[in-house]
Amino acid sequence: MDVTVQWIRTSWTKQSRGGEAAARRNAVPVGFRVPHLSPSVAHVVRMHERDSFDPYDGQEDLRKVDVQLREDDGRLRVLPRVQPLFAIPPRPRRPPAVRVVPGQWVRWQLNYRLSSAAGVGGWSYWLDTFNIACGPVGADVFLSSPTVLVNERGPVR
């Protein structure tokens with residue numbers, strides 16, 4: 001089964017919680033053109049506050065992407081993993097896995113807030129957006145509206 005995976009991680013600190021920096025952060029894309037990749041590789045895009053949220057493309061082995069993908073009766077079962085377990089917001093009840101058929105795709109978003117290891121530094125935040133398509137798709141697939149949207153973002157004050 002053909003699968004196309006795009007993993008977008010947007011990272012920031014308290015400095016981008018308000019004003020112009022927050023406006024820039026909130027305006028970042030949630031989907032990008034997909035370059036031609038091998039089937040076992042995900043398109044990874046990183047955007048960080050320190051770089052004014054400019055996107056940086058990369059690749060990652062699918063096994064290293066925090067999402068479970070499994071073929072089941074001609075459908076693709078998608079369920080992102082929540083990492084790390086101690087991150088805020090707590091997720092006592094997660095939505096069930098999504099199943100898509102060829103030609104469909106899902107956008108799943110999760111956010112996090114983490115403190116420094118010793119608790120002396122400030123908070124850091126990130127938003128993971130997983131765009132996952134089943135079957136052969138074009139390079140612009142993630143620039144359109146998803147078949148299924150799962151918003152698992154919570155309050156991170």
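The values are calculated or read from the model by the stated rules, or taken from the named source; none is laboratory data. The shown structure was predicted, so the numbers you read here are calculated from the model rather than taken from an experiment. As a convention, Cβ positions derive from the backbone with ideal geometry for all residues, glycine included, and neighbour counts pool all protein chains shown.
Considering each residue of the stretch 70-78 in turn, at least one proves to be on the phi < 0 side of the Ramachandran plot and in contact (Cβ under 8 Å) with a residue 60 or more places away in the chain.
For the stretch 109-126, the candidate set comprises residues that are at pLDDT 85 or above and in contact with a helix residue (DSSP H, G or I) (Cβ under 9 Å, 6 or more places away or on another chain); within that set, the residue that is surrounded by the most Cβ atoms within 10 Å (Cβ to Cβ) is Tyr125.
Only strands (runs of 3 or more DSSP E) whose full extent lies in the stretch 20-90 are considered here, and the ones with at least 3 residues that are under 17 Å from Ser124 (Cα atoms) are 41-48. Please determine whether any residue of the stretch 57-76 is of a type in the set (Lys, Arg), touching a Cys at 6+ places or on another chain (Cβ under 8 Å) and under 24 Å from Ser145 (Cα atoms). The answer is yes; a qualifying residue exists.
Step by step: first the residues of the stretch 145-157, then only those that are assigned to a loop (DSSP other than H, G, I, E, B) and at pLDDT 95 or above, then the one that is surrounded by the most Cβ atoms within 10 Å (Cβ to Cβ). Which residue is that? Step through it out loud before you land on a result.
Step one: list which residues in the stretch 145-157 are assigned to a loop (DSSP other than H, G, I, E, B), which gives 145-147, 153-157.
Cutting the leftovers down to at pLDDT 95 or above gives us 145-147.
Values: Ser145: 8, Pro146: 20, Thr147: 15.
That would be Pro146.
Selection of first residues in the stretch 16-36 that are modelled with pLDDT of 90 or more and of second residues that are in a loop (DSSP other than H, G, I, E, B) and surrounded by 16 or more Cβ atoms within 10 Å (Cβ to Cβ), restricted to Cβ pairs under 6 Å at least 6 apart or on distinct chains, gives the following pairs, ordered by first then second residue: Val28/Phe53.
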